[in-house]
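Before any comments, here is the structure.
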Amino acid sequence: MSKMLLLLTVLLSPAVRAVSNARLLRNAKYAVCHVHKNGNVKELSVGSQNALQAHLRHGDYVPITFFLDSDGDGYGDPNQSVASCVSPPNYVTDNTDCDDTKPAIFPGAAEVCNSVDDNCN
């Protein structure tokens, strides 16, 4: 009897997980950046994939990931990010800075013979 119960539990586990995941998705909230007619953007929370898709069809968009650019060189720190509808001050969409404390070090910078990876390659 216990072997049968164990077998039934093993066989049903994926189905139970699928139902649980479906409930989670059903209760999920989705962020959307709603563009007003005057051009202002406001972050909204919608309760379904269908509502999200409807917003996207009408020109709205999902929040963008921005990366902190502490040194102001136009390249952000891949470890310091925020999702937002508009770029926060000192944030960029590029996350390829290998040293965000030195503005002379960024992808494409001239390599100088100084034992430092100036161009992030």
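The values are calculated or read from the model by the stated rules, or taken from the named source; none is laboratory data. Just so we're clear, the structure is a prediction, and the values are computed from it rather than from any experiment. No Cβ is skipped: glycine too gets one built from the backbone with ideal geometry, and neighbour counts run over all protein chains shown.
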Scan region 75-112 for residues that are of a type in the set (S, T, Y) and buried (at least 18 other Cβ atoms within 10 Å of the Cβ) and report the count.
-> 2
Checked N50, N21 against criteria (in a helix (DSSP H, G or I), out of contact with any Pro (no Cβ under 8 Å at 6 or more places or on another chain) and modelled with pLDDT of 90 or more); the one match is N50
Residue within region 25-44 that is modelled with pLDDT under 90 and among the hydrophobic types (A, V, I, L, M, F, W, C) present | yes
Would you check which residues across region 39-81 are in contact with a helix residue (DSSP H, G or I) (Cβ under 9 Å, 6 or more places away or on another chain) and either touching a residue at least 40 places away in the same chain (Cβ under 8 Å) or closer than 30 Å to C98 by Cβ (or both) and list them?
-> Y61, V62
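Only residues that are in a loop (DSSP other than H, G, I, E, B) and out of contact with any Asp or Glu (no Cβ under 7 Å at 6 or more places or on another chain): list them for region 54-68, please.
Initial filter on region 54-68 (in a loop (DSSP other than H, G, I, E, B)): 58-60, 62-63.
Those that are in a loop (DSSP other than H, G, I, E, B) and out of contact with any Asp or Glu (no Cβ under 7 Å at 6 or more places or on another chain): H58, G59, D60, V62.
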Condition met for G74 (at pLDDT 95 or above, touching a strand residue (DSSP E or B) at 6+ places or on another chain (Cβ under 7 Å) and in a loop (DSSP other than H, G, I, E, B)) = yes
